[in-house]
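**Q** Sharing a structure with you now.
The values are calculated or read from the model by the stated rules, or taken from the named source; none is laboratory data. Computed from a predicted model, the values in this text were never measured in an experiment. Using ideal geometry, Cβ is built from the backbone for each residue, glycine included, and neighbour counts are taken over all protein chains shown. Note: accessible area is taken over every heavy atom of the protein model, side chains too, but ligands, DNA and RNA are not part of it. Shrake-Rupley method; radii C 1.70, N 1.55, O 1.52, S 1.80 Å.
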Amino acid sequence: MAAEPVDNASSEDAKRVLLPAVLGLAFAAASFGLTAQGGALAGVSPAFEGTATLVTCAMAAALMLSAWHHGRLAKRAVFLITFVAIHIAGIGALGLVFLDITRPAQAALWAVALEAVSGCGSALLMFYWLRKLRGTSATTVSAVSFAALALGTAVTFVAGIAGPLACHLAAFALSFAQFATTRASRRFEAPGGAFPAHPEMYFGTSEERFSDRGYLAAALAGVCGVSLAAGMANAFAISVEGSAGLEFVSRLITLVLVCAAAAAVMRRSLETQERSFVANIWIALCLLLSIGAVFLSFGGPAAYIGGAVDAAVLLLLQAHIWYLSVAFSSYGKLDPYIYAAGSWIALHAFHVTGTALGHLIAGATPQNPAPAIALMGLCAVGATQIVFSQLLADPERTPLPGTAAQAAAAQILPQNAPGMLAPASAEVPSLGAAADAGAPSDVHIATSVIAMGQRFGLTGREIEVLTLYALGHTQARVSEELHLSQNTVHTHIKRIYDKCDLHSRQEILDYLNEYGG
């Protein structure tokens with residue numbers, strides 16, 4: 001069995017394979033922000049309160065229905081959609097440049113139409129790159145998503161402070177630069193081929209779980225709740241009058257928060273190569289929402305800070321739905337466009353809805369932001385509860401004591417030793433007891449590893465790794481047997497050492513012998 005490619009997104013080969021996807025996602029996200037959102041960081045279009053954004057959601061819904069009707073779209077159809085998307089994104093941005101220069105009558109209506117056209121093209125390009133990433137490891141998808149987010153946010157910040165003309169010129173250039181990124185991506189191996197995915201590494205669940213509609217609904221409900229809360233915060237932030245200096249500071253705070261959070265997520269995902277950082281992202285999003293709500297409650301200039309924090313929440317959530325889209329498209333039974341378009345609608349339609357709701361509440365209670373803040377908190381808490389109870393608290397991803405642990409170890413025991421593991425209700429035999437019974441030594445080690453795992457709280461995957469490692473397999477061999485990268489195996493072994501306070505294979509064997517005696 002060939003060893004799985006090392007899941008190291010920082011290697012030189014990885015950079016060549018992943019760079020087109022990073023640039024493509026970043027260019028598409030920046031182009032959308034510079035046109036459909038008027039250069040605002042995670043905001044809505046200043047004209048007609050997000051009409052252009054809602055048009056992109058309608059386009060996404062139409063694409064979903066088409067993909068649902070035809071099944072998985074053919075490669076020729078994907079190529080055609082991408083080719084058209086590049087042109088309409090670029091031509092829409094060029095039309096906005098023309099409006100900025102000529103300023104004709106009814107320029108506002110033309111601007112909304114062109115923002116919608118360009119925004120639809122940019123959204124379709126994002127969907128293309130998410131489709132391109134399907135089947136890619138969780139670590140790699142996380143690194144690509146948050147690197148693209150940081151780059152796209154930086155471009156939006158620089159062009160946004162330069163004015164509408166600079167925004168639209170930049171969007172035009174970024175849109176047609178997608179010809180280069182798509183061509184470069186075809187020259188190298190697909191990310192999923194260089195860094196193949198494993199279903200457990202996304203959320204710690206089996207492959208079949210990704211086709212569970214309830215599981216998908218939980219992910220979408222979480223996105224909807226956070227988007228709604230961020231939209232209400234956006235409404236209060238843009239309703240406060242302030243100077244250009246305050247607006248610049250607000251944008252800068254958003255940029256710094258996004259880049260810092262993206263760097264932290266990438267570092268953690270590359271170091272741990274586990275799904276644990278997914279829970280941390282949801283916790284961080286809710287924490288940032290709470291901080292933003294505190295600043296919004298002060299009103300005045302402080303509301304700009306609150307708006308900046310909540311804008312960062314929406315941007316970070318955007319990168320996270322990229323991760324979710326790739327996870328479900330990698331193992332779900334539906335076309336990748338369905339997952340990408342569905343998450344897009346959940347993010348942006350509910351953000352615009354939240355903004356409209358925030359305006360209504362602000363108009364009804366102009367001097368009292370408490371009702372809006374309370375509703376924001378309710379949305380955030382509800383979303384978090386749904387995510388943690390369904391998406392992250394799946395029984396198959398928790399530490400595996402008892403029967404589940406034994407099932408995990410049973411998968412790696414020799415085929416000629418069936419039924420040697422004790423049931424969950426039975427006492428796990430020691431090495432000495434097993435030896436007296438005449439059982440094979442590998443079963444002795446496996447059963448003692450299970451007991452060791454129960455004592456130190458090892459996960460099912462860690463028990464699998466430890467069993468093979470204790471049987472004398474090298475890390476490369478463990479990698480082959482469990483279909484994991486060598487980096488992932490090394491991380492598991494390091495974590496086992498930390499949990500058990502052991503420092504070598506010999507110490508593990510000594511402990512097992514002593515425990516068994």
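**Q** State all residues of the range 21-37 that are within 19 Å of Arg131 (Cα to Cα) and either touching a Lys or Arg at 6+ places or on another chain (Cβ under 7 Å) or open to solvent by 10 Å² or more (accessible area, probe 1.4 Å) (or both); if no residue qualifies, say none.
**A** Result: Ala21, Val22, Leu23, Phe27, Ala29.
**Q** When residues of the range 465-490 are filtered for being under 20 Å from Arg455 (Cα atoms) and in contact with an Asp or Glu (Cβ under 8 Å, 6 or more places away or on another chain), how many remain?
**A** 2
**Q** Okay, moving on. Could you give every pair whose Cβ atoms fall below 7 Å, whose first residue belongs to the range 151-179 and is within 17 Å of Val97 (Cβ to Cβ), and whose second residue is open to solvent by 60 Å² or more (accessible area, probe 1.4 Å), counting only separations of at least 6 or pairs across chains?
**A** Phe172/Leu94
**Q** Can you tell which of Trp322, Trp282, Trp344 is touching a His at 6+ places or on another chain (Cβ under 9 Å) and either open to solvent by less than 10 Å² (accessible area, probe 1.4 Å) or assigned to a helix (DSSP H, G or I) (or both)?
**A** On the way: Trp322 fails: touching a His at 6+ places or on another chain (Cβ under 9 Å); Trp344 fails: touching a His at 6+ places or on another chain (Cβ under 9 Å).
Exactly one of Trp322, Trp282, Trp344 is touching a His at 6+ places or on another chain (Cβ under 9 Å) and either open to solvent by less than 10 Å² (accessible area, probe 1.4 Å) or assigned to a helix (DSSP H, G or I) (or both), namely Trp282.
**Q** May I pose another question? Identify the single condition in (1) modelled with pLDDT under 85; (2) open to solvent by 40 Å² or more (accessible area, probe 1.4 Å); (3) more than 30 Å from His490 (Cβ to Cβ) that Tyr215 does not satisfy, given that it satisfies every other one.
**A** Just one mismatch for Tyr215, condition (2).
**Q** Given (1) in contact with a Gly (Cβ under 6 Å, 6 or more places away or on another chain); (2) free of Cβ contacts under 8 Å to residues at least 60 places away in the same chain, where does Arg187 come up short, assuming only one miss?
**A** (1)
**Q** Let me ask something else about it. Among residues belonging to the range 76-106 that are part of a helix (DSSP H, G or I) and open to solvent by 80 Å² or more (accessible area, probe 1.4 Å), point out the one that is nearest to Phe179 (Cα to Cα). Please lay out each step first, then the result.
**A** Within the range 76-106, the subset part of a helix (DSSP H, G or I) is 76-102.
Those left that are additionally open to solvent by 80 Å² or more (accessible area, probe 1.4 Å): 76, 79-80, 83, 91, 94, 98, 101.
Details: Arg76: 16, Phe79: 12, Leu80: 13, Phe83: 8, Ile91: 14, Leu94: 16, Phe98: 23, Ile101: 27 Å.
Restricting to residues being part of a helix (DSSP H, G or I) and open to solvent by 80 Å² or more (accessible area, probe 1.4 Å), the top hit is Phe83.
**Q** If you go through the range 128-182, how many residues are polar (S, T, N, Q) and more than 21 Å from the chain's Cα centre (by Cα)?
**A** Here is the first cut: in the range 128-182, the ones polar (S, T, N, Q) are 136-137, 139-140, 142, 145, 153, 156, 175, 178, 181-182.
When the remaining residues are screened for being more than 21 Å from the chain's Cα centre (by Cα), the result is 175, 178, 181-182.
Final tally of qualifying residues: 4.
**Q** With respect to Leu174, is the statement that it is on the phi < 0 side of the Ramachandran plot and open to solvent by 10 Å² or more (accessible area, probe 1.4 Å) true? Walk me through it before giving the result.
**A** Details: on the phi < 0 side of the Ramachandran plot: yes; open to solvent by 10 Å² or more (accessible area, probe 1.4 Å): yes.
In short, yes.
**Q** Right, next: When the residues of the range 126-136 are filtered to those that are open to solvent by less than 10 Å² (accessible area, probe 1.4 Å) and not aliphatic (A, V, I, L, M), which remaining residue is farthest from Phe195 (Cα to Cα)?
**A** Out of the qualifying residues, it is Phe127.
**Q** Continuing with this model, one more query. Output yes when any residue across the range 198-205 is open to solvent by 20 Å² or more (accessible area, probe 1.4 Å) and at pLDDT 90 or above, and no when none is.
**A** No, because not a single residue in the range 198-205 is open to solvent by 20 Å² or more (accessible area, probe 1.4 Å) and at pLDDT 90 or above.
**Q** Name the single residue, out of those in the range 48-65 being farther than 20 Å from Ala28 by Cα and touching a residue at least 60 places away in the same chain (Cβ under 8 Å), that is least open to solvent (accessible area, probe 1.4 Å).
**A** Glu49
**Q** Hey, Gly192 hits all of (1) touching a strand residue (DSSP E or B) at 6+ places or on another chain (Cβ under 7 Å); (2) at pLDDT 90 or above; (3) small (Gly, Ala, Ser) but one; which does it fall short on?
**A** (2)
**Q** Continuing with the same structure: When Phe277 is evaluated against the numbered criteria (1) at pLDDT 90 or above; (2) in contact with a Lys or Arg (Cβ under 6 Å, 6 or more places away or on another chain); (3) surrounded by fewer than 24 Cβ atoms within 10 Å (Cβ to Cβ), which criterion, by number, is the only one it fails?
**A** In the conditions (1) at pLDDT 90 or above; (2) in contact with a Lys or Arg (Cβ under 6 Å, 6 or more places away or on another chain); (3) surrounded by fewer than 24 Cβ atoms within 10 Å (Cβ to Cβ), Phe277 misses (1) alone.
**Q** Which one of these is within 25 Å of Ile305 (Cα to Cα) and surrounded by fewer than 17 Cβ atoms within 10 Å (Cβ to Cβ): Val258, Val249? Give the steps one after another, and end with the answer.
**A** On the way: Val258 fails: surrounded by fewer than 17 Cβ atoms within 10 Å (Cβ to Cβ).
The unique qualifying residue is Val249.
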